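Reviewing the structure listed below.
The values are calculated or read from the model by the stated rules, or taken from the named source; none is laboratory data. Bear in mind the structure is a predicted one, so any value in this text is a computation, not a measurement. A quick note on method: Cβ atoms are made from the backbone with ideal geometry, for glycine too, and the neighbour counts reach across all protein chains shown. All accessible areas refer to the heavy atoms of the entire protein, side chains included, with ligands and DNA or RNA removed. Shrake-Rupley method; radii C 1.70, N 1.55, O 1.52, S 1.80 Å.
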Amino acid sequence: MSLSFSADEEFAQKLDAEDPLRHFREKFHLPIGADGKPSIYFAGNSLGLMPKAARKVVERELDDWAKRAVDAHHAADTPWYSYHETLREPTARLVGAQANEVICMNSLTVNLHLMMATFYRPTKSRFKILMEDPAFPSDTYAIKSQIFHHGFDPKDALILARPRKGEFIIRQEDIEAALEKYGQQIAIVMIGGINFFTGQLFDIERIAAAAQKRGIIVGFDLAHAVGNVPMALHDWNVDFAVWCSYKYLNAGPGAVAGAFVHERHATNTELPRLAGWFGNDPNTRFRLHLEPEFIPVPSADGWQISNPPIFSMAPLHASLSIFNEAGGMEALRAKSMKLTGYLQFLLESAGHSKLTVITPRETNERGCQLSILVHEHPKELFTKLQVVGVKCDFREPNVIRVAPTPLYNTFHEVWRFAKTLVEHQ
């Protein structure tokens with residue numbers, strides 16, 4: 001891909017002029033820098049920008065609360081009681097699932113605990129959990145606490161797939177070697193679909209197949225993958241997955257998270273779970289104390305604990321409508337691969353020995369994010385970027401993460417960022 005690129009500014013402007021998605025940038029609020037101009041916002045991997053339509057969607061729910069109060073549960077234009085149902089189809093399309101396999105609820109780590117309550121049923125012989133290293137800390141905390149909860153020691157139960165010495169990405173063959181070595185002892189594989197630190201996109205389908213061949217349940221944290229890369233969770237036969245919606249899904253801080261439960265599990269009402277009112281059969285839900293026995297909904301809804309959090313769901317509506325208008329993940333992925341490919345080309349063509357991209361070179365092995373290892377004075381460089389209006393983030397000890405996002409970032413921003421980065425290094 002890099003062979004078709006040029007380092008000239010005019011080339012970046014030409015790419016923007018030819019970009020069929022360029023007008024979607026206008027649908028988002030862009031943070032303004034000290035110079036009064038929009039910042040170069042490459043932090044969508046931490047918090048996506050606010051869709052302009054989000055304000056109206058939230059205000060509509062506030063108006064319903066003000067005018068209808070309790071009646072809005074059933075009498076609103078979008079009734080609160082079934083609000084989560086309106087998110088099913090667009091969410092399912094994003095992750096490649098059937099509508100009965102997804103549910104928007106809670107936060108990511110809460111959903112991970114709910115999934116583990118169902119799927120982590122350790123025995124004396126099969127109790128280990130395979131994760132990647134580094135995994136996002138919240139996943140590590142949750143998994144270790146689940147291991148403790150069942151009376152095991154993480155030192156014995158946790159298997160970590162790590163990069164080889166001198167490398168940054170985790171090789172697929174090393175994951176499969178761990179499955180081969182410990183397969184009969186592993187209860188669950190729990191891996192981030194895209195690694196938060198390096199930006200590596202794992203082969204979800206291949207990992208699922210390799211694990212399930214050995215009778216292992218497979219789950220994924222898709223926080224950095226949802227809204228970033230196309231997925232086909234149903235066809236890939238993934239057992240379960242969880243994600244947040246405040247990164248690439250642009251639903252705002254603390255927005256409602258999501259979960260996927262494969263149909264073969266979702267429709268199995270005999271599976272153990274942590275139960276709550278909204279996971280119960282809606283036909284008997286309002287009989288309340290007259291129906292003391294929990295009867296789970298035969299879909300992903302059966303894991304829903306509480307009623308829908310309206311104000312943390314509403315902005316997701318605004319964002320999902322933009323994804324739909326953009327033509328879904330395939331169109332966005334095509335631009336994303338071009339954005340990151342262009343950025344990598346610019347950094348390499350500058351020939352800077354003090355910077356190393358540790359994200360996989362192959363575009364099909366990464367998403368929007370490039371992680372740049374800074375060999376000298378990394379924090380100082382990050383501070384300089386902030387001063388000149390670049391919004392990205394820093395990960396200890398020496399990595400700057402940047403995520404050109406196809407819905408609202410431009411090729412000229414990529415060009416300006418690369419020029420700024422090299423000049424200030």
By my count, helices (runs of 4 or more DSSP H) wholly in region 1-84 with at least 3 residues that are out of contact with any Gly (no Cβ under 6 Å at 6 or more places or on another chain) and either open to solvent by less than 40 Å² (accessible area, probe 1.4 Å) or among the polar types (S, T, N, Q) (or both) are 9-18, 53-68
Which numbered condition in (1) in a helix (DSSP H, G or I); (2) under 25 Å from the mean Cα position of the chain (by Cα); (3) of a type in the set (Val, Ile, Thr) is the only one that Thr359 fails?
(1)
Hey, could you check region 85-107 for residues that are open to solvent by 40 Å² or more (accessible area, probe 1.4 Å) and charged (D, E, K, R) and say which is nearest to Arg285 (Cα to Cα)?
Glu85
First in region 148-168 and in contact (Cβ under 8 Å) with a residue 40 or more places away in the chain, second anywhere and open to solvent by 40 Å² or more (accessible area, probe 1.4 Å), Cβ under 9 Å, 6 or more apart
Phe168/Thr356
Report yes if some residue within region 162-185 is of a type in the set (A, V, I, L, M) and farther than 24 Å from Glu365 by Cβ; otherwise report no.
no
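For residues in region 108-136 being in a strand (DSSP E or B) and not basic (Lys, Arg), which is surrounded by the fewest Cβ atoms within 10 Å (Cβ to Cβ)?
Met131
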Apart from one, (1) part of a strand (DSSP E or B); (2) among the hydrophobic types (A, V, I, L, M, F, W, C); (3) open to solvent by 20 Å² or more (accessible area, probe 1.4 Å) all hold for Ile169; the odd one out is (1)
From the residues in region 380-394 that are of a type in the set (D, E, K, R) and either in contact with a strand residue (DSSP E or B) (Cβ under 6 Å, 6 or more places away or on another chain) or buried (at least 16 other Cβ atoms within 10 Å of the Cβ) (or both), which one is nearest to Gly199 (Cα to Cα)?
Asp393
Quick one: how many residues across region 277-327 are in a loop (DSSP other than H, G, I, E, B) and acidic (Asp, Glu)?
3
Sole miss for Gln185 among (1) in contact with a Lys or Arg (Cβ under 9 Å, 6 or more places away or on another chain); (2) open to solvent by less than 10 Å² (accessible area, probe 1.4 Å) is condition (2)
